[in-house]
1. Scan the stretch 29-45 for residues that are of a type outside the set (D, E, K, R) and closer than 15 Å to TRP6 by Cα and report the count.
2. Which count do you get for residues in the stretch 39-93 that are without any contact (Cβ under 8 Å) to a residue 60 or more places away in the chain, among the charged types (D, E, K, R), in a strand (DSSP E or B) and closer than 20 Å to SER21 by Cα?
3. Suppose we keep only residues that are surrounded by 14 or more Cβ atoms within 10 Å (Cβ to Cβ), farther than 15 Å from TYR56 by Cβ and in contact (Cβ under 8 Å) with a residue 24 or more places away in the chain within the stretch 1-23. Which one would you say is nearest to the chain's Cα centre (by Cα)?
Amino acid sequence: MTTLGWKIIYTDGTVITSRDSDWRRIRGDGVLIVSIYYRETYRRYTHELVWVTENYKNEFLGEDYYWMNADGSLDAGSAADVPFTDLSDASVKTGTLVRDDVWLERYNSFHEDRIW
C-alpha cells in the first residue's frame, strides 16, 4: 500500500497530521493514538444506509513508544521494540495512560474524520 500520511492525538485532545507538520518537529510526549493512512480506498455501507469511500489505515494505540523508522514508516511498541540505533532522538514519541472517560472522548473525536 502507498502511504498518504499520518494523524496523531495527544492526551490534551490536540490532533496533528502530516499535513500540519513533520514527525520530527511535533511534541514527543502524551501520545494516545497514531493512524497511518493509505492511498488505497474501500467502500462501505453505513448505518445511515449510504455508501461511503474511506482510506485504508493502520492504527497504533495504547503503546509505550511510537517512532518513525529511517525509511519514513511508522511503528509502535515497548522499549524493547524501539530500534534506537537507526533513529534520531526526535523520531521517538512516548505514549501515556489516561482515565477511561478521557480515553473514550479522545478516541471518538479522533475517529470522526475517517477520510484522509
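Values in this text are rule-based calculations from the coordinates and carry no lab data. If you're wondering where the values come from, they're calculated on a predicted model, not measured in any experiment. Reconstructed Cβ throughout: ideal geometry from the backbone, glycine too, with neighbour counts over all protein chains shown.
1. Here is the first cut: in the stretch 29-45, the ones of a type outside the set (D, E, K, R) are 30-38, 41-42, 45.
Cutting the leftovers down to closer than 15 Å to TRP6 by Cα gives us 31-38.
Qualifying residue count for the region: 8.
2. 4
3. Applying the first criterion (surrounded by 14 or more Cβ atoms within 10 Å (Cβ to Cβ)) to the stretch 1-23 yields 3-11, 15-18, 23.
Those left that are additionally farther than 15 Å from TYR56 by Cβ: 8-11, 15-18, 23.
Next cut, in contact (Cβ under 8 Å) with a residue 24 or more places away in the chain only: 8-9, 11, 15, 23.
Values: ILE8: 4, ILE9: 7, THR11: 13, VAL15: 10, TRP23: 11 Å.
Ranking the candidates gives ILE8 first.
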